[in-house]
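Readers should treat all values here as calculations from the given coordinates under stated rules, not as data from a laboratory. In this text the structure is predicted, and so the values were computed from the model without any measurement. Cβ sites come from the backbone with ideal geometry, for glycine too, and all protein chains shown count toward neighbours.
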Amino acid sequence: MIKELEQSLAIPPYSVSQGARDRILLSGLSRLTQLHYERCVPYRRIVDGYWGGRTDFQDLEAVPYLPVSIFKSQLLQSVPDSAVRVTLTSSGTTGQAVSRIRLDSATSAIQQRALANSLMHVLGKQRLPMLVIDTDAVFKDPKLMSARGAGVLGIMRYGRDHVFALTPDLDANYDAVAAFLDRLQGRPFFIFGFTFMVWVRFYELFAKRGLDLSNAVLIHSGGWKKLAERAVSNEEFKAAFREAFGLTRIHNFYGMVEQIGTILLEGPGGLLFPPNFADVIIRDPRTFEPAPIGQIGIVQLLSLLPHSYPGHSVLTEDLGVIESINEHPGEWAGKGIRILGRLPRSELRGCSDVIGVAA
Amino acid sequence: MITLWGAERSTVDIAEFSKLIESMTDAHAAPLAPELLDIVAHISNLILRTPVLRAVPQFVALGYWMRAAAIRRIVTDSRAAVVDGNVLAPRGLALHLPPTNVDTIFVYSWVLSLIAGNSNVVRLPATVSPPTEALLAIIIDAVSGRTSSKHLFCTYPYGGEVEHRISSLFDLRIIWGGDEKVASVNKVPIRPDGLSIGFPDRQSVALISVESYDRSTEEERDELAVRLFNDAYWFDQMGCSSPRLLAWIGPATSQETLSRDLYSRLQSVIERKGYEVAPSLAVAKLLVMNELLAEGAGQHGERYSSELQVVDTPEPAAALQRGTGGGFFLECTLDDLSDVRSLVSRKLQTITHFGFDLGQLRELAHSVAGIGAYRIVPIGQALDFHATWDGVPLLSHMTRQIVVKAT
């Protein structure tokens, strides 16, 4: 593990202010760029062919970035095949290419430790009893084993005595939830699920059951697109949970398999905050130049975690905006970000008709 | 649902529609008849006089292509191609299936078939751009009256019952729109003695002589950049004839400076014309460039802007299949025109050029004959429609010839 990451994990999570963060990340990302340049031939070709072959930089904005979708077409790894312990894949609709992320044991351990570090910030140091808003079939049945299953499993290691709120048919398992709450007798616990599932398969099914979840911390992720279609915003989501269950500690997070272990966690004002070992640059959608605070642009993610594959700096296909910097020192230091969804798709003219779509 | 495009749009059911088309099967005219040429000239005049059309370069090009003098040349060429003593006859009833996205192709296809004396059914997309709408109004008005029963502009769904019902009535079918569309449409047969011509997916390249570019003046270079812009950007670089690859022919040593010179001029044209692509396309272009570099199929990539990105490639023929459109250029250097053969496949349509003489170009044509490449024209003329398209002399395919012997 590079020493800059070691340093970032040794101090309280989400505590490094922007100035100090810039320095740690610049040094760490230069080191990772150099490491991947030496060990990953396709990455080296990109850095040589587009970035002038540089691996040390004066500022964070100069660190080369890969378009995140490149992990769908290229198998990028900085370790020999024999060292690859697991290949993670992204979620994707049938027929679509998925990202393949190659982890060796060290990077796998790094990402688990880093994620624990981030979650600890809102869950505390003790592992808590955990209610999963999903079905255990999602990872028990190999046919269903998906990015969703892997995501659930990945988070489950940070809780204990897991109970699943849904049946394999995604119906409510009222008895299991009631028994879980009975056993706890008012002690704190942890709820996790994907945002859409949490709303449609938990809130909508359980809201009228008079459950007291005031001792819970709810962590959810997966994006707002489907909920935006139902006109549910983060604010409404939180208000609904407060009203129905007395649940007030709710944290959304933003992350992607290409930077597994790095999560932008929801803090004050509904904003997302990168952990100590990560940061976000917003780039102007036309020029790709860094955008100032308050300007909407394309989200670039920086993280010190990817050691076995060159995912330490990726340009996503999401739009976002930096809303604040260092406004909550200590607890939620650094940039407060809002993610605004995917870049709108564009259609080009051409001689070639797409049959079935052709008007 | 079947829509008929007329002075007003109306809808009909399958039975009515096939009856209508059946009634057209014997409605043809004498090929190259003066009254047919008059219709074309009349439409040309109107296009060049209508502000909404004159504002769009593609429509201006169309208007000029079909003006009286230009059409007369096509007529002369066609007459010359008729075997001595044979009498020219129309092929019969033609079906035109233009691409959804290129607004003027249907007119080129229809005009040639009109002067061939055929009756025509043109299948249009359900919605068209406002200028295309204006153009259609002009055309429909021009053929109203006596010739209206010979030309039908309509919209019907592909791949369904309508297509199966009507296809067997056609003597000629012209399919524009790529491999998939040609294959899908060809599943439904036309008349047993009919002719179906498909225009599948094609790509195009531009050749620039290093030596000629080096010698050219500032003005010539600026003009070349404008021509290249027109070729590449009018159809978002997605037209079959839009160049995707620029091959510099000559010594690689001086090429690098010259290509930078050309691209910065091209970038100025892009800015002057206000051409912009969506950010998602800019990201897609960055992605393909990164993929090519990662694979070693690209050596060096340069992002001049979201609208202009250049990747030089040691594997031009393979990389040619990987464009995104919207200003993504591949680039390579070849020692000599004779090396261009290595770029050519059946999928290569147009070679545009700068700085070569006719002798060199004819030699090039001979060297690629039978492999691919169907047009070799100057940079700036990539999108100019020619009555010989993809190597097919359209008018001769749209007519028949009657052999006549007295003794």
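Structure notes:
- DSSP bridge orientation in region B:203-386 - percent antiparallel, rounded to nearest 5: 15 percent
- Overall form of the protein assembly as shown per C-alpha gyration tensor (a/c, 1.5; a/b vs b/c): prolate
- Set of lysines near A:K225 by C-alpha distance (under 24 Å), chain-local residues within fewer than 8 positions excluded: A:K72, A:K238, A:K335
- Degrees, to the nearest 10: B:279-295 long Cα axis against longest axis of chain B: 60 degrees
- About its Cα centre, region A:126-266 has a charge dipole of approximately 240 debye under the convention of +1 per Lys or Arg Cβ and -1 per Asp or Glu Cβ, with nothing else charged.
- A:A240/A:H328 FRET efficiency (R0 30 Å; Cβ-Cβ; nearest 0.05): 0.75
- Among A:A176, A:N117, B:Q360 the positive-end extreme of the charge dipole of the protein assembly as shown (Cβ point charges): A:A176
- Counting only DSSP H runs of at least 4 residues, each contributing -39500 (n - 2.57), and dividing by the residue count of chain B, the helix-based mean residue ellipticity at 222 nm comes to -12500 deg cm²/dmol.
- Segment B:T388-B:A89, length gained on full extension (0.36 nm per residue, minus Cα span): 105.7 nm
- Chain A, helix-only ellipticity at 222 nm - DSSP H runs n ≥ 4, -39,500 (n - 2.57), divided by all residues, nearest 500: -8500 deg cm²/dmol
- For the residue pairs A:K226/B:K347; B:K150/B:K187; B:K150/B:K347; B:K150/B:K273, the alpha carbons lie more than 30 Å apart in A:K226/B:K347; B:K150/B:K347; B:K150/B:K273.
- Potential extension, B:D26-B:T407 segment - 0.36 nm per residue separation minus Cα distance: 134.2 nm
- Relative contact order %, region A:164-276, counting alpha carbon pairs below 8 Å whose residues are six or more apart: 20 percent
- Taking the DSSP beta bridges with both ends in the protein assembly as shown, the antiparallel portion is around 45 percent.
- Modelled spin-label separation between A:M120 and B:A33, with each label point placed 7 Å from Cα along the Cα-to-Cβ direction: 9.1 nm.
- When you filter the trypsin sites (Lys or Arg not before Pro) in region B:331-380 for DSSP loop state and at most 12 other Cβ atoms inside 10 Å of their Cβ, you are left with B:R346.
- 10 Å Cβ neighbours from other chains, averaged over peptide A:312-319: 1
- Counting Cβ atoms of other protein chains within 10 Å of each Cβ in A:43-55 and taking the mean gives 4.
- Partners for A:K140 among aspartates and glutamates (Cα-Cα distance below 20 Å; same-chain residues under 8 apart left out): A:D161, A:D169, A:D171
- Relative to the longest principal axis of the Cα atoms of chain B, the long axis of helix B:252-273 lies at roughly 50 degrees.
- Three-way shape label, region B:203-386, alpha-carbon gyration tensor, a/c 1.5: rounded
- Cα gyration tensor category, rounded, prolate or oblate, for region A:210-359 with a/c compared to 1.5: oblate
- Value of relative contact order over chain B, rounded to a whole percent, pairs C-alpha under 8 Å and six or more apart: 17 percent
- Taking 0.36 nm per residue of sequence separation and removing the Cα-Cα distance, the A:D81/A:E38 pair yields an extension gain of 13.9 nm.
- For chain A, the longest principal axis of the alpha carbon atoms and the long axis of helix A:105-123 meet at an angle near 50°.
- Per-residue mean of C-beta atoms belonging to partner chains within 10 Å, peptide A:66-79: 3
- Dipole-positive endmost among B:F199, A:A228, B:Q321 within the protein assembly as shown (Cβ charges, Cα centre): A:A228
- A Förster distance of 41 Å, applied to the separation of the beta-carbon atoms of B:R215 and B:R346, puts the FRET efficiency at 0.75.
- Computed about its Cα centre, the charge dipole of region B:203-386 is approximately 600 debye, with only Lys, Arg, Asp and Glu carrying charge at their Cβ.
- Within the protein assembly as shown: Cβ-based charge dipole about Cα centre, in debye rounded to nearest 20 (Lys, Arg +1; Asp, Glu -1): 1260 debye
- Restricting region A:40-93 to chymotrypsin sites (Phe, Trp or Tyr not before Pro) in coil, as DSSP defines it, with at most 16 other Cβ within 10 Å: A:F57
- Low-density loop cleavage sites - chymotrypsin sites (Phe, Trp or Tyr not before Pro) in region A:253-344, where at most 16 other Cβ are within 10 Å (DSSP): none
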